Amino acid sequence: MECCNQMGQLVIPVFYHVDPSDVRRQKGDFETAFRQHEEKSWDAVNEWREAMTAVGKLSGHHISKTVKEGESAFITKIVRDILGHLQTGGMEDNLIGIKSRIKELESLLDLEAIQEVRMVGIWGMGGIGKTTIARALFRIISNKFDGSSFVRGVREESKKDMCALQKRILKDVTHHHESMIEDPEDGAEMIQARFCRKKVLLVLDDVDDEKQLEFLAKTHKWFGKGSRIIITTRDRHLLSYTDDIYKPTLLLEEEAAELFSRYAFRRSSPREGYKGLLNRAIQHTGCLPLAVKVLGSFFYRREVCEWESALNRLAKEPNNKILEKLKISFDGLGDSEQKIFLDIACFFKGQNLKRVTTLLDSFGFDPTIGIRVLTEKSLITVSNEQINMHCVLRDMGLEIVQKRYPNSRLWQCDKIHDILTSKRKLHAIEAIVSMSDKNSGFGVDVFENMKNIRLLDICRDFTSSEPTTLPDGLRWLSWANYPFFSLPVAKLNKLVGLEITKGRIKHLQTEQKIGGGS
């Protein structure tokens, strides 16, 4: 107890064949023993009484003489208790802001409801910290269960061998090797049979397909009372049968600054002269934990001049390590969802949901379901009728366009000017969105070779003279402050949307309905 009081150490009492109240009040055998000792050393006995009173008030383990359980069961409980405290105390210093998030997740698990089986999903974009939170909580509470298993990387591992995953879970929980699983269906039956009467903690990390859950944790009925199953995923749709969903938030700015400092300076605050640079670096992370860690590690032991150079580069070119982690979500999308995501990243971030949906629908992208899928996969957000996305995800979208589909979507004034002036690869252009007069003055034949363009959203003096033709495949035309008196839409059979504002246009050069009556 002196160690507890003076050094802050933890005391876990074991009341072995002793009633805790007898210890606290010095009754029964304790009373007799203390009376005998008081005759020899009154001062020492007073200290003992204070210590025993304090110990008797502590939470510990009571092993009575009449208990039916074997003592080995109590040894197991004591070991688990101590392990739990050691794991909690050993939480990494670099897990900034993790404790509050663990607390929120733990409340959803409701560990006190010992008669229930609860499944909780952790859902969010890549790099938000889903695995980190699940792992930290697993370390803290795993000792409270009959068996536990943390299965990291389900998405990748299940592609290699689903049976191997099932064997690992069975071994972790039962501590026995399972060598006779040759078919996932058999493995699923075995998990259900072995776990239906066990209190199990199971974490399935990075799930991206319903089949994975079907073979590893199909229903609550597979597990015994008090079991808890945690599923981390980027796809909310997979969590339809969970009891609750926890969505981690981005780091607060002060949390991001401390985490960045931990990686960049190996301390909780920046070195002298680096605070401004650190704040600039954090702007490129959007307070996304993954981005903070990656960039923080990159800047470790770099001089001020190197920070300046690297930050200038980041303004032009995002960090590849961060983008590669996030591209997993994009690569798992269908063709239409990929196109919608790239259009939003390039043109529509922050715009009105209804207008964007109308535009995307004119391209045949089926945006109603597409936008829902992107939202479920944490690639975009919809709030107050506005579409948005995290700045790091937007950087990823722009980088994908530039590397995989060069010149397909043009939004940078300088690049638009270079491409159209040189007349290079005009057939690759699918969309141009530019609200700047900087790209003005192109020749009247600028549209002739844009065979695949579907969206043209430009402003006043985009061409130097009145256009005589527009691309046949154009689906949507927006021209702010159109400066001419007429518009050649006679052959635009696919045109669905036409937005002409504040211009001098007096008539359309067509005798047919635009877009077949749209």
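The values are calculated or read from the model by the stated rules, or taken from the named source; none is laboratory data. The structure displayed is predicted, hence computed values, not measured ones. Don't worry about glycine lacking a Cβ; one is built from the backbone with ideal geometry, like all the others, and counts go over all protein chains shown. Accessible surface is based on the protein model in full, side chains and every heavy atom, while ligands, DNA and RNA are left aside. Shrake-Rupley method; radii C 1.70, N 1.55, O 1.52, S 1.80 Å.
For the chain, the relative contact order is 9 percent, taking Cα pairs closer than 8 Å that sit 6 or more residues apart in sequence and dividing their mean separation by the residue count. Partner lysines whose Cα lies under 16 Å from the Cα of LYS159, excluding those fewer than 8 positions away in the same chain, are identified as LYS167, LYS211. Helix 391-404 and the longest principal axis of the C-alpha atoms of the chain enclose an angle of approximately 50°. For the chain, the longest principal axis of the C-alpha atoms and the axis of helix 413-422 are separated by about 40°. Shown for the chain: the carbon plus sulfur share of the solvent-accessible area, taken with all protein chains present and a 1.4 angstrom probe, equals 47%.
Fully extending the segment from ARG301 to LEU86, taken as 0.36 nm per residue of separation minus the present Cα-Cα distance, adds 74.2 nm. Helix 253-264 versus the longest principal axis of the chain: what is the Cα-based angle in degrees, 0 to 90, to the nearest 10? Taking the Cα atoms of the chain, the angle to 253-264 is about 80 degrees. Shown here: the chain, whose C-alpha atoms stretch 114, 60, 38 Å along the first, second and third principal axes, sorted largest to smallest. Contact order for the range 376-491, expressed relative to its length and based on alpha carbon pairs under 8 Å spaced 6+ residues apart, stands at 18 percent.
Sorting SER268, SER408 by accessible area puts them as SER268, SER408; the probe is 1.4 Å, largest comes first, and only protein heavy atoms count.
Evaluated over the range 360-465, the count of Lys pairs having alpha-carbon atoms less than 29 Å apart is 15 (only pairs 8 or more residues apart or interchain). The mean accessible area for residues of the chain, using a 1.4 Å probe and ignoring ligands and nucleic acids, is 52 Å² per residue. Exposed loop sites are taken as chymotrypsin sites (Phe, Trp or Tyr not before Pro) in a DSSP loop (any state but H, G, I, E or B) with at most 16 other beta carbon atoms within 10 Å; the longest stretch of the chain without one runs 1-240.
Considering only the chain, what is the antiparallel percent among its DSSP beta bridges, to the nearest 5?
Counting DSSP beta bridges with both partners in the chain, the antiparallel share is about 10 percent.
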